[in-house]
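The values are calculated or read from the model by the stated rules, or taken from the named source; none is laboratory data. Please read these numbers as outputs of a predicted model, since none were measured by experiment. Here the Cβ positions follow ideal geometry from the backbone for every residue, glycine too, while neighbour counts run over all protein chains shown.
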Amino acid sequence: MKALQPEMVRLKELHKDDKMKLQQEMMALYKKEKVNPMSGCLPILVQIPVFFALYKVLFVTIEMRHMPFYGWIHDLSERDPTSIFNLFGLLPYDVPSFLVIGAWPVAMGVSMWIQQKLNPAPTDAIQAKIFMFFPLFLTVILAPFPSGLVIYWTVNNILTMAQQVFIMRRTTVKTVT
């Protein structure tokens, strides 16, 4: 897909007034280059059931409650108790519960942002702006989730980035950067 970006931009400029023709030309380009634009969705389709199952295990299983983990996480079924607004516990005041965004959600947001920078930028300017705020949005949304899920998501992001870097270095297909 990264190698097709210049051609896709050219087609968008050529057919900016005719959406139907643009879609037909894009499909013809995908067929000619033997590219499936939906192939990027396959990994997330595998991850969604795992994420949901882990969520249910952390919420339903009584044995998992109050089981110690590493560092400041004493219960994987509870949210990260630290907060960025009191410098992760360094400042001596309590933060309102809706502002508790812990260290693991921040690490998850940073890993998502780095992972996003490894991928090619969308050609649509509005889509690029939306994608720019997506890691911040998910950091705030997933902050109250159980810390076990946030840790899973962060480690998954890091492993995905390592896999992506490994594949990009081993591939022989030249891409435009």
(message) For region 56-94, which positions are in a loop (DSSP other than H, G, I, E, B) and acidic (Asp, Glu)?
(response) Asp75, Glu78, Asp80, Asp94
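Could you look through region 28-47, keep only residues that are assigned to a helix (DSSP H, G or I) and touching a helix residue (DSSP H, G or I) at 6+ places or on another chain (Cβ under 9 Å), and pick out the one that is modelled with the lowest pLDDT? So that I can check it myself, show each step before the final result.
Just the residues of region 28-47 that are assigned to a helix (DSSP H, G or I), to begin with: 28-33, 37-47.
From what is left, the residues that are touching a helix residue (DSSP H, G or I) at 6+ places or on another chain (Cβ under 9 Å) are 29-30, 33, 37, 43, 47.
Details: Leu29: 79, Tyr30: 79, Glu33: 77, Pro37: 66, Pro43: 69, Gln47: 78.
The qualifying residue modelled with the lowest pLDDT is Pro37.
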(message) Here's a check for you: in region 105-131, which residue that is small (Gly, Ala, Ser) and part of a helix (DSSP H, G or I) is nearest to Ser83 (Cα to Cα)?
(response) Ala107
(request) Hey, could you check region 115-141 for residues that are polar (S, T, N, Q) and within 21 Å of Lys19 (Cβ to Cβ) and say which is surrounded by the most Cβ atoms within 10 Å (Cβ to Cβ)? (result) Thr123
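Quick one: which residue in Trp104, Trp72 is within 28 Å of Ala162 (Cα to Cα), touching a Pro at 6+ places or on another chain (Cβ under 9 Å), at pLDDT 80 or above and in the same structural domain as Val165 (by TED's automatic domain parsing)?
Trp72 is the lone residue from the list that is within 28 Å of Ala162 (Cα to Cα), touching a Pro at 6+ places or on another chain (Cβ under 9 Å), at pLDDT 80 or above and in the same structural domain as Val165 (by TED's automatic domain parsing).
For residues that are within 10 Å of Ala143 (Cβ to Cβ) and under 22 Å from the mean Cα position of the chain (by Cα), tally how many sit in region 71-109. If you could, list the steps in order and put the result at the bottom.
Quick first cut of region 71-109, residues within 10 Å of Ala143 (Cβ to Cβ) only: 79-80, 83-84, 98-102, 104-106, 108-109.
From the residues that got through so far, the ones that are under 22 Å from the mean Cα position of the chain (by Cα) too are 79-80, 83-84, 99-102, 104-106, 108-109.
Here the count works out to 13.
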(request) For Trp113, state whether it is at pLDDT 90 or above, among the aromatic types (Phe, Trp, Tyr) and within 23 Å of Ile73 (Cα to Cα). (result) no
(request) Just one of (1) modelled with pLDDT of 80 or more; (2) not assigned by TED's automatic domain parsing to the domain that holds Leu159 trips up Pro6, so point out which. (result) (1)
(request) Quickly run through region 52-63 and pick out the residues that are touching a helix residue (DSSP H, G or I) at 6+ places or on another chain (Cβ under 7 Å) and either closer than 19 Å to Trp104 by Cα or of a type in the set (S, T, N, Q) (or both). (result) Leu54, Tyr55, Leu58
(message) Among the numbered criteria (1) surrounded by fewer than 14 Cβ atoms within 10 Å (Cβ to Cβ); (2) in contact with a Ser or Thr (Cβ under 8 Å, 6 or more places away or on another chain); (3) not β-branched (Val, Ile, Thr), which one does Trp72 miss?
(response) (1)
(request) Please enumerate the residues belonging to region 13-27 that are in a helix (DSSP H, G or I) and modelled with pLDDT of 80 or more. (result) Lys19, Met20, Lys21, Leu22, Gln23, Gln24, Glu25, Met26, Met27
